[in-house]
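A.B. asks: Could you have a look at this structure, given as structure tokens, before my questions?
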Amino acid sequence: MESKNSNAKESDCDSVFEHVTRAPDIPVYAVMVAYKEDPCPFKLNLGIGVYRTEEGKPLLLNVVRKAEKLLVNELSANKEDLPITGIAEFNKLSAKLIFGADSSAIQENRATTVQCLSGSGSLRIGAEFLAKHYHQRTVYMSQPTYANHPNFFVPAGITVKTYRYYDPTTCGLDFQGLLEDLGAASFGAIVLLQTCGHNPTGVDPSLEQWEQIRKLMRLNGLLPFFDCAYQGFVSASLDADAQPVRMFVADGGECLTALSYSKIMGLYAERVGALSIVCKTADVASRVESQLKLIIRPMYSNPPIHGASIVTAILKDREMYGEWVTELKAMTDRITIMRQQLYNALHDRAIPGDWSHITKQVGMFSLTGLNAEQVAFLTKEYHIYMSSDGRINLSGLSTRTVPYLADAIHAAVALNV
């Protein structure tokens, strides 16, 4: 009897998951944890990619509050499951937002749009669809790109390759390298493109360069997949920031877009996004949507209702839409001001090097040119947290903290860390 109990205890200790190894920390979240655990009162977090106010606080847009109040007071509302593809009106309005109201793809019903779990979910569903229904199993991404991008495609069995994008010597675009690499890509390969506000570099092609990219990709049969996380967050114009996508749609070719409302409406925790696939005909688009349903169904069955209802309420109401655009511009303007103030502070301190890329880059992020050793120095000596590649979130700065960061960068560069 004693032997049996001993065996039972021994069995209880042998987990069937004993072989599981500890996964490495996800870098951006490791930075966030380190920042939170740092007791220093003047610490500075420039790592995580979320918007912050001048006071360093998260921002809940006033228009979002207004939309939520309307939803709360809507007596006919309920919490029943949505269709697999989400709120139909949300999908229609999202397609209009990214493609434009006069888009031929919309007018001819050649675009199918499904509500997804923010930009990440849209990219993941899109990758799964391509793995099942597209003849090429290779996707080209910019070097560098958003750290999570490969994770959307590799689990679907799609091979990830890169194309040159960022030139570290100029902190700008390696346009010639980009053209050469895409020109040498396998015919029909998928190309992941960031519509605007490139993460992590803050470097975007000009419209003229986008037109050259479009011509090259169409010539080589390359399939564009746009990640649209920052529409309106670069120029403060929703239409201007969508121009790269609209160029590709206007030529009648096919493409995919993953639209996120996390940054542009501050709906991070609501996980609101939309995947659109532009096809050659309405019939093809209808069949594509039927297959998207089969992919979504076993993953999460149907999307959540609250965040998408907020977006729908704002996009369909002229007054609230105008309020949103005004608040979006205020966020974009503050980021631009922080860029200029940081450049001025670096310039005033006569820090060695050319720092003009700070103001030439666009969007929320700047790839500063600081190396991993300098970043480690800033964290250790000044309690300033950022990605090891030197990427900073400009909205994490304020008029008060810009001089502190500039002093810290001066010290790191002066010591030749």
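The values are calculated or read from the model by the stated rules, or taken from the named source; none is laboratory data. Since the model is a prediction, treat every value here as computed from it, not as a measurement. No Cβ is skipped: glycine too gets one built from the backbone with ideal geometry, and neighbour counts run over all protein chains shown. Quick note on the areas: whole protein, heavy atoms, side chains included, nothing else; ligands and nucleic acids left out. Shrake-Rupley method; radii C 1.70, N 1.55, O 1.52, S 1.80 Å.
A.B. asks: Which condition number does Tyr321 fail, the rest of (1) farther than 30 Å from Lys79 by Cα; (2) without any contact (Cβ under 8 Å) to a residue 12 or more places away in the chain; (3) surrounded by 16 or more Cβ atoms within 10 Å (Cβ to Cβ) being met?
C.D. replies: Exception for Tyr321: condition (1).
A.B. asks: May I pose another question? Against the definition (at pLDDT 95 or above and in a strand (DSSP E or B)), how does Ser276 come out, yes or no? Write out each step before concluding.
C.D. replies: Details: at pLDDT 95 or above: yes; in a strand (DSSP E or B): yes.
Yes; evaluated as a whole, the condition is true for this residue.
A.B. asks: Just checking, how many residues over the range 45-94 are assigned to a helix (DSSP H, G or I) and either surrounded by 15 or more Cβ atoms within 10 Å (Cβ to Cβ) or touching a residue at least 24 places away in the same chain (Cβ under 8 Å) (or both)?
C.D. replies: Number satisfying all stated conditions: 14.
A.B. asks: Considering only the range 140-174, how many residues are touching a Pro at 6+ places or on another chain (Cβ under 9 Å) and either under 21 Å from Gly188 (Cα atoms) or among the polar types (S, T, N, Q) (or both)?
C.D. replies: Final tally of qualifying residues: 5.
A.B. asks: Restricting the search to the range 312-363, which residues are within 22 Å of Leu71 (Cα to Cα), more than 24 Å from the chain's Cα centre (by Cα) and of a type in the set (Gly, Ala, Ser)?
C.D. replies: Result: no residue meets the conditions.
Table: residues versus (1) free of Cβ contacts under 8 Å to residues at least 40 places away in the same chain; (2) open to solvent by 30 Å² or more (accessible area, probe 1.4 Å); (3) out of contact with any Lys or Arg (no Cβ under 6 Å at 6 or more places or on another chain).
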site	(1), (2), (3)
Gly221	yes, no, yes
Phe225	no, no, yes
Ser237	yes, yes, yes
Ala242	no, no, yes
Val249	no, no, yes
Leu256	no, no, yes
Ser262	no, no, yes
Gly266	no, no, yes
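A.B. asks: Which fully enclosed helices (runs of 4 or more DSSP H) of the range 117-208 have 2 or more residues being touching a Phe, Trp or Tyr at 6+ places or on another chain (Cβ under 7 Å) and within 24 Å of Gly47 (Cβ to Cβ)? Working first, answer last.
C.D. replies: On the way: elements: 118-133, 149-153, 175-183.
Qualifying helices (runs of 4 or more DSSP H): 118-133.
A.B. asks: Can you spot a residue in the range 31-44 that is of a type in the set (A, V, I, L, M), modelled with pLDDT of 95 or more and surrounded by 13 or more Cβ atoms within 10 Å (Cβ to Cβ)?
C.D. replies: Filtering the range 31-44 for residues of a type in the set (A, V, I, L, M) gives 31-34, 44.
Keeping just the survivors that are modelled with pLDDT of 95 or more gives 44.
Those still in the list that are surrounded by 13 or more Cβ atoms within 10 Å (Cβ to Cβ) too: 44.
Yes, the range 31-44 has at least one match.
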